[in-house]
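Student: The structure follows.
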Amino acid sequence: MKITLSSNNILLQVYARAALDATVRDSYQTMLSPDRRAALQTLMAGVAAQLSVELLCVLVDTNVDKLQFDAEADTLIEFELRDGSVASSAALRLLLEQAMVARLLDEVYSFGGDAAKSAAFADSYRMLLRRIASALSRPVADLRIARFP
C-alpha cells in the first residue's frame, strides 16, 4: 500500500497550528510562517527520514532519500507500506501527516527553547505512532518509538 504525503498539506497544518497558537497567546511565531517555508522544508526532510526509521517494520519503500523541495512546488513524500492491513490508506495518510507535523513542531519548539511545547509535540508524535501501529494491525511493540534530541 503506497501512502503519499503532500508537503503542502503538512506545512498548512503547521501554519494553522501556529496561527491558533498566536491567537491564544496573542503572539506570532515567525518561524512557523510561509516566509520560512524553505527552512521548514529542510526540517521536514529530516522528519520524513525519522518517520521512515520508525516504520521500518512495515515499510517496503520510500522516496525520502530522493526528496528535493522547491519553495514554489508541492513535494510528495511517499511511504510504501506492507500489504495486509485493514487500515484505510486515506486514514493512514492523515495519521502520517499528523505525525510529521507533530515531529516537525517538536523540533521547531526545541530549537526555540520552549521545552514544554516541544515535549507536548513529542508526546503527540509518540501517540500518533501508536495509532499508526494500531491502524496497520501490528502490535505497538513492532514500532521503534524513541525520543529524538
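Values quoted throughout were computed directly from the atomic coordinates according to the rules given, and no laboratory measurement underlies them. Quick caveat: nothing in here was measured; it's all calculated off a predicted structure. Note: ideal-geometry Cβ built from the backbone for every residue, glycine included; neighbour counts use all protein chains shown.
Student: Just subtract the alpha-carbon distance of LEU56 and SER33 from 0.36 nm times their residue separation and send over the number in nm, one decimal. Don't skip to the end; give the middle numbers.
Tutor: Values: separation 23, 0.36 × 23 = 8.28 nm, distance 3.17 nm.
Separation in residues times 0.36 nm, less the Cα-Cα distance, equals 5.1 nm.
Student: At 7 Å along Cα-to-Cβ for each site, give me the label-to-label distance between ASP83 and ALA120 in nm.
Tutor: 4.3 nm
Student: Right, another one. For the range 113-126, just list the computed ³J(HN,Hα) in residue order, Karplus coefficients 6.51, -1.76 and 1.60, θ = phi - 60°, integers in Hz, with x standing in for Gly and Pro.
Tutor: x, 9, 4, 5, 5, 4, 5, 5, 6, 5, 5, 4, 4, 4
Student: Right, something else. At what distance in nm do the modelled label points of GLU72 and ALA90 sit from each other, each positioned 7 Å from its Cα along Cα→Cβ?
Tutor: Here the answer is 3.3 nm between the modelled labels.
Student: Under 5 Å between amide hydrogens, which residues at least 5 positions from ILE3 or on another chain qualify, with H placed 1.01 Å from N in the peptide plane?
Tutor: Correct list: PHE79, GLU80, LEU81.
Student: Sticking with this structure for a sec: Counting Lys and Arg as +1 and Asp and Glu as -1, what is the net charge of the other residues whose Cβ lies under 15 Å from the Cβ of THR4?
Tutor: Working: positive: LYS2, LYS66, ARG93; negative: ASP61, ASP74, GLU78, GLU80, GLU97.
After counting each charged neighbour, the total is -2.
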